[in-house]
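All remarks here apply to the structure that follows.
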Amino acid sequence: MSGWLALAAVMAVVGAVAGAPGLLVVAGITAGYATLTRLWSRYGARSVTYERQLGSGRAVAGDTVTLDVTIWNRKPLPLPWIAADDLLTEGLVVRERPDLDHADERQHRRILRNTWALTWYERVVRHFHLDDLRRGWYELGPAHLRIRDVFGRDAAEGEVEPRATLTVVPRPVPVRHLPGDRSPLGERRAPRSLVADPALFSGVRPFQAGDSLRRVHWRATARLGSTVSRRFEPARGRTVVIALDVQTLEDVPHWEMSYDDDAFEGLCVTAASLARHYLGDAALVGVAAASFTGTPQRVAWLAPRAGTGQLARVGELLARVGPVSSMPYAQLLAWLARRLPAGATVVALTARDPRGVSPILRRLGRGGFAVEAIRVGPADRIPGAGFPVRTAQLAPNWREADGLRIS
Amino acid sequence: MVFGFPDPRELLRRAAERAPKGLGRHDGRSRLLPVLQALADGAWLAVAYAAAQAATGRAPIVGPLELALLAGIGMAWARRGRWLDDASDLAGAVILAILGGALTWFLDTDVRIALLAGDTDTAFATHLPGWIGAVAVLRGRTHASRDDDEDQQDRLLRFGIPALAIPWLGGHLAANGPLERAFVASAFISTLLFAASAFTALGLARLELVRRSSGDQPRSQRSWLLLVGGVALGVSLIGVPTAILLGVPVSALTAAVVGPLRVLVLSLLLLTTPLIVAIAALTSLLGPVLPRGFELPIIRLPNLRVDPTEVSSTPTIVFFAVLALLFLAELAAIGLYLWYRMRERRRAEAEELAGVEERSIVRPPEEPATPPPPPRRPRTTDPGTPAGAYIAALEILDRDERLRRAASETPASHLRRVAGVLAGPALARLAAGYQLDRYAGRQLTGRERRRAVSRLARIRQWARR
């Protein structure tokens, strides 16, 4: 633009020397054009705020979450055109923008593009709705802001880095046993125990008469100014790990990126439902899957724990797993054997014929683990597995099921 | 539902379905854009034409509107939907260019007289710049594709504005006196018209480009249009006083302002004509029905010459009053129609954006003014003061790497490090005085000052050894 101003100055000088007023007019127009353009390129991007606000950072599959996008021009200079290209993870359905463009520079991203013309100090809030959310972990951002001057020329641009995340967990449904099925899932245990496990420290409580002096937490006593005793978790006899088989097609190598989407979603809903069922039964529940979850780790692993927070953690892990396997399922089961305490229950949850992994499951059984296989699909009998095989059904489908029928 | 690698052809098909369908859209903006483009082209060529006329010693005959019309014809031919083969295109363009050039050339009275007299040599030698009309047609033909609108306007502004200097300079050098005044009047109006229409066309072209890439958003466009229109208006408003200052004839300016108004008034009168004719016909039909002796009054058309002695007859006054009422009624009808359209459009926009967008003017809260830092006491390096003496001692110690005080060291930590090397408490006392002065803000007594000087002298002495 300085070139334009120099040219305008030259024209003005020539016009004055030659006595040509028209040249002065042309010089004035040139200078005006350059000045106006410079105005927006220099000050356009200043004091502009772009924010996105999710109604909730966590949701259950099928929910609708609101998304508010706010742009605020916090200065007196109006912005004739400002655009924000916000990157969204693929899979999000924006009710107000059914067709979102693909992002060129990032894979699996789409662009939520908004343009505004803002007057001085104007703030605009646009309300969007993320409809029919599918299980997954979604990221919103970064946003790329572009500002154009009054002639439509690109004047300034910038990046809005803060991102928002949305975790959509699978919808757990109640687990229902068929009438006459008296065998509960896994191993039943007493919800409370008189015996505490000294390895499971869970906090402190006020000292009570009869407490052993060995249980007094002296450091906490000194800090709090009153005597407190250590508190331990009750000794637990039930640890359940759901080993999720992310492969959904029979006779397909684990590295092949083909999958049955409905079967995989059904697996996730079943895993979430079972986890809720076990946690309600006061068991320690963990989840393992041979899937990448956004980290270099090949196994998605959640150590067994009890408590209400564990269900949320299970949901988060299930939200992140994908249908592409990182290792064969048998290898995952072998990996589990090195991780689990003896006596834990391994629930092999699969959509395929579990007889394909019967050798490793039998070996786990011989190694002291309780093994149970649950196949998600039709309630056919699977003879010759060598271990109990149940079937789980989500009727009519994983989207609309109101219960998980175990037979 | 089984998923695998997506078929590339399917991806392409989906992309094609999602592609914006803006090319076939016809709204007010898409109609206005080619008009403005033609105006910009015509206005630029009008400046060149005026300069060429000045060079031939004649006043300009053709203005920007005529050349814009020819550019528009060329554009319409280039964007036609029929006879799309190359031969038809070339033949049509050549024919239109020749016709346009000839028409512009023929506008000169001298040309027509010479042709009527059979003097073709004189006719062809007269009004040669008129053939710029052919250039206007060809220039309009370059706007064949709507996809290039934005590039074309950008180039036109980028190079067109500075390039205007050439015809302006040429015209001034070639003409003087009344001819120069005529040149200035024509070129000035064309320049202003060029600037206003080219800026607006560029804004519209870019807006159209954006709309096609991001979808239609009427509120954004309206603000944009207001801004672009504001710039165009600003150019015009600045142009008027500038013209007066530069000595451009007022008649040229008034012609530019009154011209479009005159066209508007004439159009309204033409629209009124059928009504007047209908009333006249109705009145003539009433004649035979009227009783004998009752004659309709004679209406006299107004005389444009002002004659104070002439008194207008009552029927004439009534006639023109009716005419004025009709005229006002037409204006009111047009205003009502525009208001209704605008209201409908606003309603549609409000419905479209209901619950989607909230706009508000919010001034950001004033940032709490940070209290100014307390004025710093001037740092003295005068070795006659305790602080200055300490700094001077540090400068002496800087010469030895072992004794140099690191930037991260406090005076106390520095002292601890060098205590084994330096003999005596001189530096420690100086450091204490420095800290009292700088950090504690204590005013040291005159005796301490004198002691500091003597301690510095001792350190100097030690350093010399």
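The values are calculated or read from the model by the stated rules, or taken from the named source; none is laboratory data. Keep in mind it's a predicted model, so treat the numbers as computed, not measured. Cβ atoms come from the backbone with ideal geometry, glycine included; neighbour counts cover every protein chain shown. Side chains are part of the model used for accessible areas, which takes the heavy atoms of the whole protein and leaves out ligands, DNA and RNA. Shrake-Rupley method; radii C 1.70, N 1.55, O 1.52, S 1.80 Å.
Summed over region A:321-348, the residues that are part of a strand (DSSP E or B) and either over 21 Å from A:L249 (Cα atoms) or at pLDDT 95 or above (or both) give a count of 2. Restricting attention to region B:343-357, does a residue exist that is within 14 Å of chain A (Cβ to nearest Cβ) and at pLDDT 75 or above? Within region B:343-357, one or more residues are within 14 Å of chain A (Cβ to nearest Cβ) and at pLDDT 75 or above. The helices (runs of 4 or more DSSP H) falling completely within region B:108-163 that include 3 or more residues that are surrounded by fewer than 19 Cβ atoms within 10 Å (Cβ to Cβ) and within 14 Å of chain A (Cβ to nearest Cβ) map to B:149-163. Just wondering, is there one or more residues in region B:31-42 that are at pLDDT 90 or above, among the charged types (D, E, K, R) and either out of contact with any Phe, Trp or Tyr (no Cβ under 8 Å at 6 or more places or on another chain) or open to solvent by 40 Å² or more (accessible area, probe 1.4 Å) (or both)? Within region B:31-42, one or more residues are at pLDDT 90 or above, among the charged types (D, E, K, R) and either out of contact with any Phe, Trp or Tyr (no Cβ under 8 Å at 6 or more places or on another chain) or open to solvent by 40 Å² or more (accessible area, probe 1.4 Å) (or both). Of all residues in region A:107-137, those satisfying the criterion of being of a type outside the set (A, V, I, L, M, F, W, C), free of Cβ contacts under 8 Å to residues at least 60 places away in the same chain and not in a strand (DSSP E or B) are A:Q107, A:H108, A:T119, A:Y121. Take B:L204 and tell me if it is assigned to a helix (DSSP H, G or I), within 10 Å of chain A (Cβ to nearest Cβ), of a type outside the set (K, R) and surrounded by fewer than 24 Cβ atoms within 10 Å (Cβ to Cβ). It is false that B:L204 is assigned to a helix (DSSP H, G or I), within 10 Å of chain A (Cβ to nearest Cβ), of a type outside the set (K, R) and surrounded by fewer than 24 Cβ atoms within 10 Å (Cβ to Cβ). Pairing residues of region B:431-447 that are surrounded by 10 or more Cβ atoms within 10 Å (Cβ to Cβ) with residues that are hydroxyl-bearing (S, T, Y), at Cβ distances under 7 Å and at least 6 apart in sequence or on separate chains, gives B:A431/B:Y390; B:G433/B:Y390; B:Y434/B:Y390.
Scanning region A:120-132 for residues that are more than 7 Å from chain B (Cβ to nearest Cβ) and either surrounded by 14 or more Cβ atoms within 10 Å (Cβ to Cβ) or under 23 Å from A:V65 (Cα atoms) (or both) yields a count of 5. Residue under question is B:L169, and the condition is that it be out of contact with any strand residue (DSSP E or B) (no Cβ under 8 Å at 6 or more places or on another chain), open to solvent by 30 Å² or more (accessible area, probe 1.4 Å) and at the interface with chain A (Cβ under 9 Å from one of its Cβ atoms); does it hold? Yes; evaluated as a whole, the condition is true for this residue. Of the residues examined, B:W105 is one that is among the aromatic types (F, W, Y), surrounded by 14 or more Cβ atoms within 10 Å (Cβ to Cβ) and closer than 15 Å to B:Q53 by Cα. The single residue among A:L145, A:L140 that is open to solvent by less than 10 Å² (accessible area, probe 1.4 Å) and touching a residue at least 12 places away in the same chain (Cβ under 8 Å) turns out to be A:L140.
All told, B:T309 falls short of being at pLDDT 75 or above, over 30 Å from A:H127 (Cα atoms) and not in a helix (DSSP H, G or I). None of A:L302, A:L311, A:L267 is outside any strand (DSSP E or B), at pLDDT 90 or above and open to solvent by less than 50 Å² (accessible area, probe 1.4 Å) except A:L267. A count restricted to region A:1-32 and to residues that are buried (at least 23 other Cβ atoms within 10 Å of the Cβ) and facing another protein chain (nearest Cβ under 7 Å) stands at 8. Of the residues making up region A:398-407, those that are out of contact with any helix residue (DSSP H, G or I) (no Cβ under 7 Å at 6 or more places or on another chain) and either open to solvent by 20 Å² or more (accessible area, probe 1.4 Å) or farther than 17 Å from A:R176 by Cβ (or both) are A:R399, A:E400, A:D402, A:R405, A:S407.
Going residue by residue through region A:333-344, is there one that turns out to be under 22 Å from A:P172 (Cβ atoms), open to solvent by 30 Å² or more (accessible area, probe 1.4 Å) and of a type in the set (A, V, I, L, M)? No - not one qualifying residue is present in region A:333-344.
Listed residues A:P162, A:P98, A:P170; which is touching a residue at least 12 places away in the same chain (Cβ under 8 Å), open to solvent by 20 Å² or more (accessible area, probe 1.4 Å) and farther than 22 Å from A:R38 by Cα?
A:P162
Matching residues to (1) of a type in the set (S, T, N, Q); (2) modelled with pLDDT of 85 or more; (3) in a loop (DSSP other than H, G, I, E, B); (4) closer than 17 Å to A:L274 by Cβ:
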site	(1), (2), (3), (4)
A:I360	no, yes, no, no
A:L364	no, yes, no, no
A:I382	no, no, yes, no
A:A385	no, no, yes, no
A:A392	no, yes, no, yes
A:R405	no, yes, no, yes
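Tallying residues that are assigned to a helix (DSSP H, G or I) and open to solvent by 30 Å² or more (accessible area, probe 1.4 Å) within region B:60-88 yields 9.
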